[in-house]
Each structure stands twice: as structure tokens, then as C-alpha cells.
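Quick notes on the structure that follows.
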Amino acid sequence: MGAQSKLNKKIGGRLGLHLVGVMVLISAVLSSIAAGVQLYSNYERERAHVIGSFESIERSFVPSLTAALWEFNFDQAETLLDGIASNVDVAYIEINAASGEQFIRGQADSKLDEERYFDLRYQREDGSELLVGRLQLGLSFTRLWADIRAQFLSIVLTNFVKTLVATGIMLILVYHFITRHLHRIAQTVSRTVWWTGNKSLALDRKKQSGDDDLDQVVDTLNRVRDELRQAIGELEQTNDQLMTTNREQSEFAYALSHDLKSPTNTACMLLNRLQESHRNSLDEEGQTLLDASGNTLNRMGNLISDVSQYARAVNDIQTHELVDLNQLFDEIIADNKADLETANAELDRQPLPELLGIPSQIRVLFHNLLSNAIKFRDANRQPLIRISSQDQGTDEVAISVSDNGIGIQAKYNQQIFSLFQRLHTYDEYPGSGLGLALCTRVVSNHNGRIDVISTPGEGSEFRIIFRKPNAS
């Protein structure tokens, strides 16, 4: 229960984190878009301001530079150049005077983002213009990009702090209004006492005017709990009735077979005495009828014994214990030694594991499978019977009993496990048709599975899947 509670908390907490995470992600995307729009707008505004420096310089410095060059006042020209260079966005200045002088500020190989050229024309008194020099200006956006980066970092840092604060607030709100109620729902539903008790699930909060989604979840769980309890009660009642009927039928079959066994044995005894005392006085037809009566009574006796054994398997509720299959098969092989020698059968038994089961039923199961392997042999070759085990993984093990006998057609693979199902006449292969049905019942009592893989004319393999003794 503790592990389940931790799991429920983890699930509820994860849901809250996912919800808050989605909200934060959406907020971050929207904030990034808004920040991008803001930064682009700032960039365009600052860029226009920087480019506007050309007009400002043209308006403030070009007339003075023209006059200084006309008057050959180069000191004044140098001073004016220094004034232009004081603009942080100006990266390069070059003046080529008509008289041959050249004035430069900045590096000629500087990376320039914008360039402009201005002709320095002096207007004489007669109204004519004379070219006294040429001004080259180069602007750099270095400061602009530095400002944009600073704004970007400021926005990111501000949004990060806002996001942290908003995330904390949202986590608190989500926990208060959602996840703590989910925790309570998960913890309550995981308790067996809630499913079996009469107390309904309720949220730990004030009653609201209308039902929200959590109230609907709680109402649904309470309704499903009530329906499940009703269904479980009906199922338990039906199961009890089936168990009672099954037990009564088993007891009836056992009692009937037990009551029939005594008169059948008596009839067999009387018939044997009749054969011993009066066989010679009967004609051939009488002797044939006497033999047929004896065979019929023997079959009836075998059938009664098989029914009695099947009834005991149905009603057997013994405690399971460890069964050493190696020792068990040694005993079964010893019991069938005469039949094995008569059939001249070769037996190959591999090492086998221990099983948790009812020893008497496990013995009946493998005794029947071994007897069938001997019985349904091919008359044209020496019988070969193999008994082995295969590990099916961490929880299961398979026990196989295979032979090279007459085999079974695939369409009968399920039919052979039903009660009183025979594929051959009694004269061909004696039996009651209960052997494999009894095997199926024993396997069912041990929560296992049984199936057959067979090829007509080549043989059959019966595989029984058991749970390992240490399987959970």
C-alpha cells in the first residue's frame, strides 16, 4: 500500500508539473514572440536614428568644411573632422581636397554598414559653384547591435525571473486546486476498504455552488464503485452456486460410481464362476456370449473407476506441496514397467524440476500421459517416449511427454481433452475417454495449461505449463 501511495503521489505530482510545464512553455513562446517584435521595432528605430546621422553631419559640418577648404584653413578642417569623429556611430571619415590634401579619421579597412559621399562645392559670389573636395562617411552599427544584445539579455533575464515566480505561483495553485485532490482520490481508490466499505469518496474542500470536473470524477468513481460492488456481489453469489453445484455433482458422481462398483464386481465374480463351472457345457455361441459379457463388465468396471477418479480430482482441495518430478516419474515408470516391456518401448527421461502441487493429482496426470504414449504406439516401429522440461522464463516451466506413435489429426487437438471423447473404437484401443479430460482437470487445479502438438503417423507431444514454485 505504501508503494502504491507513493506511485499515486508521483502520478498526481507529474500531472501538475506537466500542466504547469505546458503553461510555462506557452508563456515562454508568447513572451519570446513579443520580445522579438519589441527588439525588431527597437532595431528599426535605432537604425533610422543612426542613418539620420548623415543628414545631421551634412547639415552641421559640410558647409563649414567647404569654407575651410576654400580658404585653405586646414587646421579648421582638422577640427571639424574631429567633431564629426566624435559621433560614436561614425567609423570612417575621409576628405580628399581639390588641392591634393587628404584627411582621414578611422581605419580604411573598417567594416562599414552604411556609406555616403558628399561633394564639397563652394558657391562663389557670381553664383557659380567650385568643387573644393569630396567627403566620404562610413557608419558602423556596432553600438546598435551592442544595445540590441543588451536589451535582449535584459528581456531574457526579466522573463526568466517572471517565469520562475509565475511557475512557483502556478504550482502552488495547481496543487491546491487540482493535484492534492487527485492525490486524495488515488489514495482512497487504492484502498481495499473503500471498495468494500460504505463511505463515499469526497474532496477535502468547501462545497461549491456548482460541480466542476473534479466533482464529476468523484461522482463517477463513487457510482462505478457501487456498480462494481453490486456486480461483485452477484458474481460471488453465482460463483458460490456454481461451486455448490459442482461439489454436489462431484459427490453424486463419486457416490454413484462407488455404489455401482460393488454390484459390478459381484457380477464379474459370478460370471467368472459361471465360466469356470459351466463353460464346457455351453455351445460355441454360448461361450461367445459369455466372453462378450465378461468384456462388457470389465469395460464397465474401468469406466466406473475412471469416473470415480475424475470426481475426486474435481472435488480435491488438498494443500499444495513440493513434488520432485524425478522421483515421481521413477515410481510411475516402475508401475508401467510391464507395459513398457511388452511394447518394447525406449524411454528417454531428462532431468526434471520440482513443482508445487498435489502429489496424487500430479501422479495421475503423468501416469495417464505415459500410458497413452504406450497405448497409441505405431505397430511398425519401436516406441520412443521422451520426457523433458523447458524453462519458459522467470515464472513458468514446461513439462513435455512426446512419442513417435500414431499421432492425432489437428482438427481433434481440442476435442480429445473433453469428457468421454474417443477417436478409436474400444477394440482398437481400450479406454473410457476420460484420461485426457482428467489430465485437463488436474492441470486446471494447478493453474496451468495443457496442449498437444501432433502429426499423424509421426507422433505427439503433450506440453504442460506449470508455474515455478518461487513464482509470485
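Quick rundown of the values:
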item: The range 385-397 residues that are under 10 Å from I465 (Cα atoms), paired with ones that are surrounded by 14 or more Cβ atoms within 10 Å (Cβ to Cβ) and among the hydroxyl-bearing types (S, T, Y) (beta carbon under 7 Å, 6 or more apart); result: Q390/S400; V397/S389
item: All positions within the range 374-383 that are without any contact (Cβ under 8 Å) to a residue 40 or more places away in the chain and surrounded by 16 or more Cβ atoms within 10 Å (Cβ to Cβ); result: I374, R377
item: Search result, residues across the range 354-387 that are assigned to a loop (DSSP other than H, G, I, E, B) and either polar (S, T, N, Q) or in contact with a strand residue (DSSP E or B) (Cβ under 6 Å, 6 or more places away or on another chain) (or both); result: N380, Q382
item: Qualifying positions in the range 388-410 - part of a loop (DSSP other than H, G, I, E, B) and among the β-branched types (V, I, T); result: T394, I406, I408
item: Any hit, the range 26-41, residues being part of a loop (DSSP other than H, G, I, E, B), among the hydrophobic types (A, V, I, L, M, F, W, C) and either more than 60 Å from the chain's Cα centre (by Cα) or modelled with pLDDT of 85 or more (or both); result: no
item: Residue in the range 68-109 that is nearest to L144 (Cα to Cα), counting only those that are touching a helix residue (DSSP H, G or I) at 6+ places or on another chain (Cβ under 7 Å) and charged (D, E, K, R); result: D89
item: Residues satisfying the stated conditions in the range 324-343, i.e. under 41 Å from the mean Cα position of the chain (by Cα) and among the hydrophobic types (A, V, I, L, M, F, W, C); result: L325, L328, F329
item: Test: V20 is at pLDDT below 85 and part of a helix (DSSP H, G or I); result: yes
item: Enumeration of residues in the range 277-289 that are modelled with pLDDT of 70 or more and assigned to a helix (DSSP H, G or I); result: S277, H278, N280, S281, E284, E285, G286, Q287, T288, L289
item: Boolean, L80 is in contact with a Gly (Cβ under 7 Å, 6 or more places away or on another chain) and either in contact (Cβ under 8 Å) with a residue 60 or more places away in the chain or surrounded by 15 or more Cβ atoms within 10 Å (Cβ to Cβ) (or both); result: no
item: Candidate set from the range 344-392 (those that are among the small types (G, A, S) and closer than 15 Å to R449 by Cα); member that is nearest to the chain's Cα centre (by Cα); result: S389
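Every residue, every condition in (1) in the same structural domain as L30 (by TED's automatic domain parsing); (2) of a type outside the set (D, E); (3) modelled with pLDDT of 75 or more, yes or no:
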| site | (1), (2), (3) |
| --- | --- |
| G168 | no, yes, yes |
| L171 | no, yes, yes |
| R184 | no, yes, no |
| T196 | no, yes, no |
| D213 | no, no, no |
| L221 | no, yes, no |
| R225 | no, yes, no |
| L235 | no, yes, yes |
| L260 | no, yes, no |
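The values are calculated or read from the model by the stated rules, or taken from the named source; none is laboratory data. Quantities reported herein were computed from a predicted structural model and do not represent experimental measurements. No Cβ is skipped: glycine too gets one built from the backbone with ideal geometry, and neighbour counts run over all protein chains shown.
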